[in-house]
Amino acid sequence: MNDRGGDVVVVGAGLIGLAIAFELAERGATVRVYDRGEPGRAASWAGAGMLAPYTERLTDEALLEFCASSLREYPAFVERVLAASGIDPRLRLDGVVHAAFNDADLQALKHHAQALAARNVATEMLDRLSLLAAEPWLGSHVAGGLLVNGEGRVDNRRLGRALVSACQTRGALIDRSSALRVECDERRVLGLRTDLGFVTAGAIVNACGAWASQLQGVPPACVPPIEPIKGEMFALAAPVDFVRHATWVLGAYLVPRDDGRLLVGATMESAGFDERVTAHGMHELLHAALSAAPSLRSFAVTESWAGLRPGTPDGLPFLGPTPIDGFFLACGHYRNGILLAPATARLMADAIETKTDAELRPFSIDRRRTEESSPGRTTYV
Ligand SMILES: Cc1cc2nc3c(=O)[nH]c(=O)nc-3n(C[C@H](O)[C@H](O)[C@H](O)COP(=O)(O)OP(=O)(O)OC[C@H]3O[C@@H](n4cnc5c(N)ncnc54)[C@H](O)[C@@H]3O)c2cc1C
């Protein structure tokens, strides 16, 4: 189906690699996905599954528009994944609440609501009593809040399982291989060396998340500067619907799951590839959650975990073609990779199949590097 004369190989079976493989397979391409670990684990399993571009307060206009368009695409994407897999990823777009605990923060939320109104994003300012009626678990010292309509959450672990099954139903092969190496000449990609031998490929996609800069065999001009940003989280066993909306409080967010798990996240730390859960990380999150809502204190902690966000110097992902023909990047989704899976899959499939990549240009590896005025920081324009 694609005009590159060969199979598409995706390296990395996180939500990004799996979503691209699913999209391409649905369009009729021959796709193979390779991962050295379990598909759908890594950051895609560790994330909170919040779909909240406006609550995230993204400042880059291209990234905000990309996230907003992916949010719009989510319902249809989930329908297609459900139809192919029979697994419901439990998409809930019932809004995200941001709670304020003092007048200054409440004022900041009002300004944010005005900025969102100018973008035609529907919001509701909630006074203290309406917020407590909507989310009675919040501490009585809450000052008020903002509900951003249309944002929400998805169960990212179920989505990972669903995508694995959907890929297989649509004919994409998912293989495990630990020592992968891209082979290319100075102009174009040739194929992938795997544990089981050499696989020719018309196109190869680097979807290796936080490890994307370590993929072997790639020329320096095609290596994305990705840095792992660690995030720790834990889960409480709460009654179903105890917390109704995904809710941001000072220093943490809480995301309810339909099975009664209440996720609390997430720390942000540059700690290399360390994936340990630490006393300090748990202390920070527990302090933030219990300060906002003392009513949570009696629930059992059922799980804790950490994952690595694929961070980039300017906060934007690396997407689309590279100087080596047939070698593509789909990495660096940082805090929003779960949200960005549908739009990434669609635009990457367009770029691979038909070489249409205008919408991906803001996220190209070719964006120029410039030093920002703050010493030691590199930005990409
Ligand atoms: C604590 C936390 C909370 C988050 N919350 C949210 C949220 O609420 N909403 C949101 O949108 N995003 C969230 N994120 C971010 C989101 O999880 C990531 O942006 C997204 O999962 C990245 O997906 P990925 O497929 O690129 O990477 P990953 O899911 O990390 O997958 C990369 C895959 O590549 C494989 N791989 C790597 N190198 C190789 C190699 N050399 N050979 C073979 N395989 C390789 C790995 O084994 C892995 O399976 C959160 C992240 C964390 C850690």
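The values are calculated or read from the model by the stated rules, or taken from the named source; none is laboratory data. This is a predicted model, so every value here is computed, not measured. Here Cβ is always computed from backbone atoms with ideal geometry, including for glycine, and neighbour counts include all displayed protein chains. Side chains included, ligands, DNA and RNA excluded: accessible areas come from the protein's heavy atoms. Shrake-Rupley method; radii C 1.70, N 1.55, O 1.52, S 1.80 Å.
Per-structure values
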quantity	calculated
Per residue solvent-accessible surface (Å²) - the range 117-239, probe of 1.4 Å	41
Cα-based Rg and Dmax for the range 167-237, where Dmax is the largest Cα-Cα distance (Å)	15.7, 54
Of all accessible heavy-atom area on the chain, the percent that carbon and sulfur account for (1.4 Å)	52
From the C-alpha gyration tensor of the chain, square roots of 5λ in Å	37, 22, 20
Candidates 274, 195, 35, ranked by Gaussian network fluctuation over the chain, Cα under 10 Å, top entry	195
Over the range 33-165, volume per residue of the alpha carbon convex hull, in Å³	137
Percent of Cα pairs exceeding the 14 Å cut-off, where the set is the range 60-129	71
For the range 33-45, Karplus couplings with θ = phi - 60° (6.51, -1.76, 1.60), whole Hz, Gly/Pro x	10, 10, 9, 8, x, 7, x, x, 8, 6, 4, 5, 8
Cα-based Kirkwood hydrodynamic radius, the range 123-213, one decimal, Å	18.3
For the range 89-163, convex hull volume per residue from C-alpha positions, Å³	102
Trypsin sites (Lys or Arg not before Pro) within the range 74-139: DSSP coil, no more than 10 neighbouring Cβ in 10 Å	119
